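Trainee: Structure incoming, see below.
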Amino acid sequence: MPHIHHSTCPVCFSAAIQFCTRVQDHAVTKEWFELWSCADCKALFTQDIPDPSTIAAYYHSENYISHTDTRKGLLFKAYHAARWLALRRKYLLIRKAFHTYVPTWEMHALQTQPSVLDIGCGTGSFLHMMQRHGWQVTGIEPSETARNIAKKKYQLDVQDPIQLNTFPDQHFTLITLWHVLEHIHALHENLSTIYRLLHPYGLVFIAVPNYTSFDERFFGNYWAAYDVPRHLYHFAPQTMQLLLVSHRFELVKILPMRMDAFYIAWLSSQYARQRLPFAYGMMTGFISWLLSQHHPMQSSSLLYIARKYGAD
């Protein structure tokens, strides 16, 4: 099976990289993968990753909820029950961000026909919610199974990633990547495309796991958000800021996604074979949530809100 070995950091291209640790693919194959670290941008990255032509085999699991929409099992029923709360919060964050970071004279034009591109939209629940609030919605999703669910369940416009380069310049008011950036092989090419597609006064929302979080320190190599080899990169706040600036984005806000800690801690407890994984995961998730109230940059996941430089 073809693999990609990085001789420099895939985030900042520094040669100051070294082996860090080994992590198991608990979700699908049980294979082991190396994590390497970059001394310059503080990124971690998965070494010897499957190339784009073979990575799909590592997503073939009912446990990958965003691709299957499964409701089997207590974990996934809880996931769906919590999802509508998360979707509501996302919409409120988006509305607040546009009123905060977009000039008043531009707001009317943007609100007349707002459009959102969700990259890695899965089965389309976020786009469906945005559509209900009057947005024109477009999704990009590599999984044919997930695309078909989104089209059948919500009648959404969801396209293969190959179509990303067909959209006109400055076409979208909002571009979102909810736990997607860490999956993308062509990291820099996609960020350049996102910059091209974004309206001059539009916003980008990027949510990624935070390996400097409390729950990562607690679970170590069992931390579910490493999710190797599907997660190609593992970001710290410093890493994301450097990455966005290198692509001419201005980082305007970092927000904790505190509720992610419960789901990640639950999965991590299962991987660590805790005797009572649900109770243990909820307890650890609560501690992580509590600590993030005072130390938001140590939250399990972080949301980065960015705009084009000079958009004020």
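The values are calculated or read from the model by the stated rules, or taken from the named source; none is laboratory data. From a predicted model like this one, the values you see are computed outputs, not experimental measurements. No Cβ is skipped: glycine too gets one built from the backbone with ideal geometry, and neighbour counts run over all protein chains shown.
Trainee: So which residues in the range 145-174 are among the hydrophobic types (A, V, I, L, M, F, W, C) and touching a His at 6+ places or on another chain (Cβ under 9 Å), if there are any at all?
Mentor: 146, 149, 150, 156, 172, 174
Trainee: Let me ask something additional. With the requirement that a residue be in a helix (DSSP H, G or I) and polar (S, T, N, Q), what does the range 110-122 give you?
Mentor: 111, 112, listed by residue number.
Trainee: Of 83, 88, which residue is part of a helix (DSSP H, G or I), out of contact with any strand residue (DSSP E or B) (no Cβ under 6 Å at 6 or more places or on another chain), surrounded by fewer than 13 Cβ atoms within 10 Å (Cβ to Cβ) and at negative phi?
Mentor: None of the other options fit; the residue is 88.
Trainee: A further question on this structure: Return the residue satisfying two criteria in turn: it lies in the range 199-216 and is part of a strand (DSSP E or B) and of a type in the set (Gly, Ala, Ser), and of such residues it is surrounded by the most Cβ atoms within 10 Å (Cβ to Cβ).
Mentor: Residue satisfying both the conditions and the ranking: 202.
Trainee: Do you know which of the residues in the range 134-147 that are of a type in the set (S, T, N, Q) and modelled with pLDDT of 95 or more is surrounded by the most Cβ atoms within 10 Å (Cβ to Cβ)?
Mentor: 138
Trainee: Another question, if that's okay. For the range 259-288, name all the residues that are farther than 21 Å from residue 88 by Cα, surrounded by 21 or more Cβ atoms within 10 Å (Cβ to Cβ), at pLDDT 90 or above and of a type outside the set (Gly, Ala, Ser).
Mentor: Of everything in the range 259-288, those that are farther than 21 Å from residue 88 by Cα, surrounded by 21 or more Cβ atoms within 10 Å (Cβ to Cβ), at pLDDT 90 or above and of a type outside the set (Gly, Ala, Ser) turn out to be 266, 267.
Trainee: All but one of (1) modelled with pLDDT under 95; (2) within 22 Å of residue 10 (Cβ to Cβ) hold for residue 194, so report the exception by its number.
Mentor: Among (1) modelled with pLDDT under 95; (2) within 22 Å of residue 10 (Cβ to Cβ), residue 194 violates only (1).
Trainee: Kindly list, by first and then second residue, each pair from a residue in the range 4-26 that is free of Cβ contacts under 8 Å to residues at least 12 places away in the same chain to a residue that is of a type in the set (A, V, I, L, M, F, W, C) and not in a strand (DSSP E or B), limited to pairs with Cβ atoms under 6 Å and residues at least 6 apart or on different chains.
Mentor: Once the first residue is free of Cβ contacts under 8 Å to residues at least 12 places away in the same chain and sits in the range 4-26, its partners that are of a type in the set (A, V, I, L, M, F, W, C) and not in a strand (DSSP E or B) give 8/15.
Trainee: Could you list, in sequence order, all residues of the range 123-166 that are in a strand (DSSP E or B) and touching a Pro at 6+ places or on another chain (Cβ under 9 Å)?
Mentor: 136, 140
Trainee: Here's another thing I want to ask about it. Pick out, from the range 217-312, the helices (runs of 4 or more DSSP H) lying fully within it that include 2 or more residues that are closer than 19 Å to residue 11 by Cβ.
Mentor: 237-246
Trainee: While we're looking at this one, here's another question. Examine the range 129-146 for a residue that is free of Cβ contacts under 8 Å to residues at least 12 places away in the same chain and of a type in the set (A, V, I, L, M), and state whether such a residue exists.
Mentor: no
Trainee: Take the residues in the range 173-198 that are more than 20 Å from residue 107 (Cα to Cα) and of a type in the set (S, T, N, Q); name whichever of them is surrounded by the most Cβ atoms within 10 Å (Cβ to Cβ).
Mentor: Only one residue tops the list, namely 190.
Trainee: Ok, one more. Could you count how many residues in the range 289-311 are at pLDDT 85 or above and within 30 Å of residue 194 (Cβ to Cβ)?
Mentor: Within the range 289-311, residues that are at pLDDT 85 or above and within 30 Å of residue 194 (Cβ to Cβ) number 15.
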